[in-house]
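Note sheet for the following structure.
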Amino acid sequence: MTNPYEVPPEHAPQPGSDSSASKRLGKDLSAGLVVFLVALPLCLGIALASGVNLFAGLLAGIIGGLIVGPISGSHTSVSGPAAGLTAIVLAQVAKLETFDAFLLAVLFAGVLQICLGIARAGALSAFFPSSVIKGLLAAIGVILILKQIPHLFGHDKDPEGEMSFVQPDGENTFSEIWAIVGDLHIGASVIGLVSLLFLLFWERTPKLKKSIVPAPLIVVVFGVLVNQLFALFGEPWLIEASHLVQIPVAESFTDLKGFLTTADFSQWNNPDVYMGAITIAIVASLETLLNLEAVDKLDTKKRHSPPSRELIAQGAGNIVAGLVGALPVTSVIVRSSVNVNVGAETKRSTIFHGMLLLGAVAMFPVYMNMIPLAALAAILLATGLKLASPALFKQMWSEGRYQFAPFIITLVAIVWTDLLIGILIGLAVSVLFILNSSLRQPIRRIVETHLDGDLLHVELSNQVSFLNRAALDKLFNESKRGSHLLIDASNTNYIDPDILSLIRDFKQSVGPARGVEVSLRGFRSQYQMQDELRFADFSTRELQDKVTPDQVLEILKEGNRRFRTGNRLTRDFNRAVGGTAAGQNPLAAVLSCIDSRVPNELVFDLGIGDIFSVRVAGNVIGTKSLASLEYCVKDAGVKLVLVLGHTRSGTVKSSLDLLAASSSIGGSTAHGHLQAIVDEIEPNLAAGEIETFKNCSSSEQEAFIDEIAKRNVLKTVQNIIDRSEAIRTAMERGQVAVIGALYDVKTGNVEFLQEAAAGENVG
């Protein structure tokens with residue numbers, strides 16, 4: 001069978017076409033180049049901050065691209081040495097006394113990460129609140145801005161790019177910014193400021209944003225060329241080596257091989273190695289999962305990266321890191337966000353950035369060392385402005401305190417401490433807000449007006465734990481004498497035994513002693529709490545005998561309010577079918593139009609057996625419809641007869657059109673059986689009004705139709721009273737009321753045209 005929604009092959013996009021494939025490849029290669037330029041100084045800086053050989057940082061970046069990249073399921077995540085692990089590296093190297101022993105801990109951490117991935121531990125990422133993830137992204141943006149401002153002006157005493165407010169040397173980010181005043185480098189400042197302004201201009205120019213050549217690459221080339229020009233000027237324009245990228249230079253392959261080291265396997269029986277491995281694995285895995293979730297939110301294609309596969313990829317990378325002497329690797333948010341912002345399409349950009357790192361170390365360290373740090377700082381600062389944009393803060397504020405507070409606390413905590421501690425603080429705050437929300441509003445409470453009175457409908461959530469006990473106990477204690485509670489567990493999968501005991505005690509002893517009636521619905525059989533509904537969700541003989549016409553009118557008004565606000569009652573229709581099988585005891589009879597937009601039971605939020613529904617075009621009264629209403633009043637005992645018209649009535653419009661087409665009101669042309677309806681509507685028109693109708697605009701005609709519909713309702717009400725002695729007698733005895741109402745098809749509101757006091761309409 002042909003799928004009608006399937007796109008014909010000739011019109012379907014061709015993802016494998018040469019043009020689209022080459023375009024994606026071009027984006028990936030250019031993105032990989034930019035990420036390489038950003039990763040290069042960060043790898044060196046993180047190694048320096050970790051107190052290890054600078055080459056260990058470069059190796060970690062290479063492993064992140066060439067080992068983790070191909071295994072990872074993420075299209076945009078970039079892995080490498082993480083600033084968030086520097087404190088752990090420092091502590092573990094000091095504890096294990098040698099870097100070689102530390103490498104064994106890194107190797108074992110990789111094995112543990114692979115085991116976590118096989119065990120599907122990556123599913124934990126689904127529990128990270130979005131407010132914390134957005135706080136993480138914004139914090140990285142703020143840190144990038146604060147950390148790169150000194151480098152933008154040539155103050156490069158802090159090249160490591162540590163991801164926190166407090167620096168290893170006891171200084172802090174703001175004191176470093178203040179130090180710029182006394183350490184401003186003119187040449188670096190010119191390159192940094194011009195580069196930043198160029199990037200901001202590029203971002204705000206649509207045509208430039210679509211360019212094949214990425215703006216960061218232009219910035220780097222510009223920085224190198226201007227640096228060479230400034231070298232001709234000498235001081236104070238000359239940019240010294242301390243303000244440039246610094247890659248260790250190997251004179252030969254032997255020197256390069258000498259940079260490698262491996263794990264000390266003789267430490268396999270050292271308990272501290274295993275404790276270090278567990279610490280590294282947990283911290284690296286947590287940081288990876290959070291970063292992966294954050295990067296997926298940045299991805300313009302909104303693709304999902306499998307978290308468990310990412311743990312396996314990171315584990316493989318850390319095993320290799322332990323074997324060759326590299327720092328531990330994780331998914332890194334700075335490089336990943338840059339990767340997304342410069343247009344990466346697939347993981348090829350990550351792999352290419354690893355190849356460039358390897359090539360730079362092996363073959364081109366001299367040329368890489370010509371890049372000014374100020375140019376790279378401009379790239380990172382522009383990325384920071386995107387991550388911590390004012391629009392993000394405005395959005396989080398508009399979402400309310402339960403989103404904004406964890407977001408801003410996560411941001412501040414990361415900026416003032418470090419990535420991992422800040423994330424843990426943010427997660428803790430989110431949990432506190434969730435617990436507070438659960439304690440304050442663990443259940444949905446709705447006051448429902450049923451046929452026999454008000455009912456507090458308590459809907460239990462999907463999971464009801466001991467944390468909800470305080471709120472539920474408070475609800476029970478605040479229940480007033482004479483009130484009625486419906487405890488509904490229809491949508492609940494688990495209820496804590498303490499909660500079950502609390503509900504059971506309140507229903508069986510506490511509630512009755514306080515004069516509170518309790519009904520149950522939807523509890524699972526294993527809870528041994530059978531459904532027991534002590535309220536009327538359909539009309540019964542006892543209820544019909546008890547209510548007055550005024551009360552029935554209030555029931556209809558309240559039902560229409562629920563219909564308009566979307567708070568319709570939850571009904572057990574199977575119970576209603578069984579309950580009404582023995583007989584019908586409706587509260588009202590509704591004479592309405594046949595219009596498909598006015599279903600009586602829905603408009604008044606009523607159930608099976610609650611009303612008689614008589615429908616005829618134009619809600620006019622005829623012999624058979626009047627006989628039906630007499631049966632409703634005399635034999636079935638309804639307390640209210642409601643004539644329900646509606647706005648934009650097609651019947652009224654057709655009648656007016658027929659009358660307008662005739663020479664006079666009294667001489668309309670016959671139009672089959674519709675003439676009987678026209679004859680009932682015609683008396684609602686005053687002399688000359690049909691001519692006015694003919695000359696009205698469309699909006700004026702619509703208002704006129706609604707006015708005639710209202711007049712027709714009132715005329716029908718009077719006709720029922722005048723023509724039916726049985727109904728008139730019941731009204732005189734106060735047994736029934738006859739009123740009119742108009743339903744607005746645009747708003748769903750029912751306008752009642754009279755009050756329901758029985759007997760007032762007689763005569």
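The values are calculated or read from the model by the stated rules, or taken from the named source; none is laboratory data. This structure is a prediction, so every number in the text was calculated from the model and none was measured. For neighbour counting, all protein chains shown are included, and Cβ atoms are generated from backbone atoms with ideal geometry for every residue, glycine included. Note: areas computed on protein heavy atoms with side chains; ligands, DNA, RNA excluded. Shrake-Rupley method; radii C 1.70, N 1.55, O 1.52, S 1.80 Å.
Okay, here's what the table says:
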item	result
Over 18 Å between alpha carbons, listed pairs K207/K297; K27/K347; K301/K347; K653/K694	K207/K297
Residues of type lysines that K634 reaches as a straight line, Cα spacing below 17 Å, ignoring anything fewer than 8 places off in the same chain	K546, K624
Neighbourhood net charge (15 Å Cβ-Cβ; Lys/Arg +1, Asp/Glu -1) for P129	0
Carbon/sulfur fraction of accessible area - segment 602-753, other protein chains in place, 1.4 Å, %	49 percent
Cβ-Cβ FRET estimate between R562 and Y367, R0 fixed at 60 Å, reported to 0.05	0.20
Shape category assigned to segment 282-406 from the gyration tensor of Cα positions, a/c cut at 1.5	oblate
Packing rank of 711-721, 145-155, where each peptide gets the mean count of other beta carbons within 10 Å, highest leading	145-155, 711-721
Calculated FRET value between A687 and N436, using beta carbons and R₀ = 51 Å, to 0.05	0.15
Order of exposure, largest accessible area first, which applies to C696, C115, C632 with probe 1.4 Å	C115, C696, C632
Distance from segment 64-129 to segment 358-404 (C-alpha centre basis), Å	22 Å
Nearest-10 value in Å² for the accessible area of V429, using the 1.4 Å probe	20 Å²
Accessible area of I319 in the full protein assembly, 1.4 Å probe (Å², nearest 10)	40 Å²
